[in-house]
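Worksheet for the structure shown next.
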Amino acid sequence: MAHASTEAAALYTQALDHAKAGQRERAMQLLARAHAIDAKHVGIRNALGVLTLEAGNASGAVALLKPLARELANAAPIQLNFGNALVAAGRAADAIAPLKRATSLDGTNAVVWYGYARALQTAGRVDEADAAYARVLAINPAHPDARANRAAALNFLDRYAEADAEAQHVLRSSPTDAGAHFNRAVALLAQGQWAEGWPEYEWRQHTALLDGQRRVWSAPTWNGNATPGQTVLVHAEQGFGDTLQFVRYLPVLRARGVRVVLQCPSTLVRLLRASALADDVIAFGEPLPTHDAQVALTSLPHALRLHDHAGVMGRGEPYLRAPSDEQATPLAWHEAPSPRVGLVWAGSSTHVNDMHRSCGFAACAPLWQVPGVTWVNLQTRDTTAPAPKVPLGTVWHDHAPLLGDFADTARALQSLDLVITVDSAVAHLAGALGVPCWLLLPRRGLDWRWAAETSDACWYRSVRTFRQEVPGDWRTTISAVAQALAKRPSPLAG
């Protein structure tokens, strides 16, 4: 037994040397051998868990570290490593307890507080995360990741000037930190500081925001200098809502005398062709036409040098239209009495802020108390998911299964008196069509777009916002919406 323990300890020492030299795979091989010899060795188990996490296997790391964390509840490093593994495995809420314990065991360690702050932030408890980041910086004012993440947290809390200051602090020592530039962009754009904000927003291309969307182009990036007759390929990026919002700038680009080709998701092609904002619209995956330059759609305000509210927002007038189709089947509610109200209660589940921006179907309950409403469900869902159930007596048309693309959605919206929606692509579509829309906004994590609006400048004239008073309290917000709907004028106004 003593010989086995000695052999395991020797392998453990060798593994640590390899790990320090950056030879992770060899280190893990040695640790695996050591673990097979001595399965109770704390150092071996901990190191194997940490290296497994570094190798990208978060669930494997959790499995290795969980029993160790249970056995060594008073060991701060073990609690820290286990918590970090849980965060990486997408279980930030579960990570809070071990990481909080680590702070109580080693309260002067900036690394421990940073792990705790990250878990809180990822779990959506951003007020607490901000306080935890402040503790990190009190211990180690030079901690760059804490400042960068705190800038994001402050943006989330509507504290934009402070977020800008934190981001600038990072950039003074790390001028090419893309995350800090992006956080600063959000702070500036939320305050309507377009001239400074758009150049900073270009740094998004070097962050995780565009993971999976980056492409290599043979044509140069359009720099704002237009040559009459040249063709500029404009390619959509980010989500559907971003595309629907930013296509407003295509006519401005065309007015410079260039031919504009828009490349976008196939579900937007029919709508955007009918809206005639570009000379041509093609779907991703289709052959590219000959072009002289290319530019990302969300880079257009920067390339066009739009630096004031009038240039960025315009007058909030409609700029999209649904395709005309005389052969289309009449919509099920076309003869129903007003008000005919469309409803969307969730955005994309992959959105970074979906836990705050989506209210869920259950929170819509106060709406069913408003008499005389014809409800139209526009909430797309997995075809295998059950249809939402409304109380008996509620007039409800489940139109979602019939929405093939955004042209279908636009046609449905234009037949309605009002749309009630969370912050989703439907909100941008309704606004761009000029359809009255009541937009439900969260108290925490407000998108910079809505924060930038002022009393005399808005993205869409037809959109009215209802924002949570208390974080997470959708019922009170939707009750206010129900009261406004019950008091609606006739005909219904936005």
- Query: Are any of the residues in region 149-162 open to solvent by 70 Å² or more (accessible area, probe 1.4 Å) and within 25 Å of ASP106 (Cα to Cα)?
  - Reply: no
- Given the conditions (1) closer than 25 Å to LEU277 by Cβ; (2) modelled with pLDDT under 95; (3) crowded, with 22+ Cβ neighbours inside 10 Å, and given that GLY179 satisfies all but one, which numbered condition is not satisfied? (1)
- Report, by residue number, each residue of region 200-214 that is in a helix (DSSP H, G or I) and loosely packed, with under 13 Cβ neighbours inside 10 Å. ALA208
- Message: The conditions are (1) surrounded by 14 or more Cβ atoms within 10 Å (Cβ to Cβ); (2) more than 17 Å from ASP242 (Cα to Cα), and PRO337 fails exactly one of them. Which is it?
- Response: (1)
- Looking only at region 163-176, and only at residues there that are in contact (Cβ under 8 Å) with a residue 12 or more places away in the chain and open to solvent by 50 Å² or more (accessible area, probe 1.4 Å), the one that is farthest from GLY472 (Cα to Cα): SER173
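Let's see how each residue does on (1) within 20 Å of VAL260 (Cβ to Cβ); (2) at pLDDT below 85; (3) surrounded by 14 or more Cβ atoms within 10 Å (Cβ to Cβ); (4) of a type in the set (Lys, Arg):
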| residue | (1), (2), (3), (4) |
| --- | --- |
| THR290 | yes, no, no, no |
| ALA310 | no, no, no, no |
| GLY316 | no, no, yes, no |
| TYR319 | yes, no, yes, no |
| PRO323 | yes, no, yes, no |
| LEU331 | no, no, yes, no |
| GLY342 | no, no, yes, no |
| THR350 | no, yes, no, no |
| GLY360 | no, no, no, no |
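Please indicate, with yes or no, whether at least one residue in region 51-72 is within 20 Å of GLY115 (Cα to Cα), in contact with a helix residue (DSSP H, G or I) (Cβ under 6 Å, 6 or more places away or on another chain) and outside any helix (DSSP H, G or I). Full working, then the answer.
Keep residues of region 51-72 that are within 20 Å of GLY115 (Cα to Cα), which gives 51-70, 72.
Next, from what is left, pick out any that are in contact with a helix residue (DSSP H, G or I) (Cβ under 6 Å, 6 or more places away or on another chain): 51-53, 58, 60-62, 64-65, 68-69, 72.
From what is left, the residues that are outside any helix (DSSP H, G or I) are 72.
The answer is yes, given that some residue of region 51-72 is within 20 Å of GLY115 (Cα to Cα), in contact with a helix residue (DSSP H, G or I) (Cβ under 6 Å, 6 or more places away or on another chain) and outside any helix (DSSP H, G or I).
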- Message: Please go through region 1-27 and give me each residue that is of a type in the set (A, V, I, L, M, F, W, C) and either crowded, with 19+ Cβ neighbours inside 10 Å or over 39 Å from the mean Cα position of the chain (by Cα) (or both), ordered by number.
- Response: MET1, ALA2, ALA4, ALA8, ALA9, ALA10, LEU11, ALA15, ALA19, ALA27
- Query: Out of all the residues in region 215-222, is one or more within 18 Å of ASP405 (Cβ to Cβ) and open to solvent by 10 Å² or more (accessible area, probe 1.4 Å)?
  - Reply: no
- Message: Looking at region 207-244 only, could you name the residues that are in contact with a Phe, Trp or Tyr (Cβ under 8 Å, 6 or more places away or on another chain), farther than 24 Å from LEU277 by Cβ and of a type outside the set (A, V, I, L, M)?
- Response: THR207
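Of the residues ALA34, ALA95, only one is open to solvent by less than 10 Å² (accessible area, probe 1.4 Å) and under 29 Å from SER5 (Cβ atoms); which? Before the answer, list the steps.
Details: ALA95 fails: under 29 Å from SER5 (Cβ atoms).
Every option except ALA34 fails the conditions.
For region 213-230, does any single residue satisfy the condition of being touching a residue at least 24 places away in the same chain (Cβ under 8 Å), closer than 29 Å to ALA427 by Cα and not small (Gly, Ala, Ser)?
yes
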- Answer from ALA88, ALA92, ALA75 - the residue that is in contact with a Ser or Thr (Cβ under 6 Å, 6 or more places away or on another chain) and closer than 28 Å to PRO141 by Cβ: ALA92
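Considering each residue of region 166-199, count those that are part of a helix (DSSP H, G or I) and either on the phi > 0 side of the Ramachandran plot or of a type in the set (Val, Ile, Thr) (or both), and give that number. Give the derivation first.
The first filter runs over region 166-199 and keeps only residues part of a helix (DSSP H, G or I), leaving 166-173, 178-190, 194-199.
Filter once more, keeping what is either on the phi > 0 side of the Ramachandran plot or of a type in the set (Val, Ile, Thr) (or both): 170, 186.
Summing the residues that are part of a helix (DSSP H, G or I) and either on the phi > 0 side of the Ramachandran plot or of a type in the set (Val, Ile, Thr) (or both) in region 166-199 gives 2.
Among the residues of region 442-494, which ones are among the basic types (Lys, Arg) and touching a His at 6+ places or on another chain (Cβ under 6 Å)? Spell out how you get there, then give the answer.
Restricting attention to region 442-494, the residues satisfying the condition of being among the basic types (Lys, Arg) are 443-444, 449, 461, 464, 467, 475, 487-488.
Across region 442-494, the qualifying residue is only ARG444.
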- Note on the structure: Of the residues in region 121-140 that are without any contact (Cβ under 8 Å) to a residue 60 or more places away in the chain and in a loop (DSSP other than H, G, I, E, B), the one that is surrounded by the fewest Cβ atoms within 10 Å (Cβ to Cβ) is ASN140
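The values are calculated or read from the model by the stated rules, or taken from the named source; none is laboratory data. Values in this document were obtained by computation on a predicted structure and should not be read as measured data. All Cβ positions, glycine included, derive from the backbone under ideal geometry; neighbour counts span all protein chains shown. Protein only, heavy atoms only, side chains kept; ligands, DNA and RNA dropped before computing areas. Shrake-Rupley method; radii C 1.70, N 1.55, O 1.52, S 1.80 Å.
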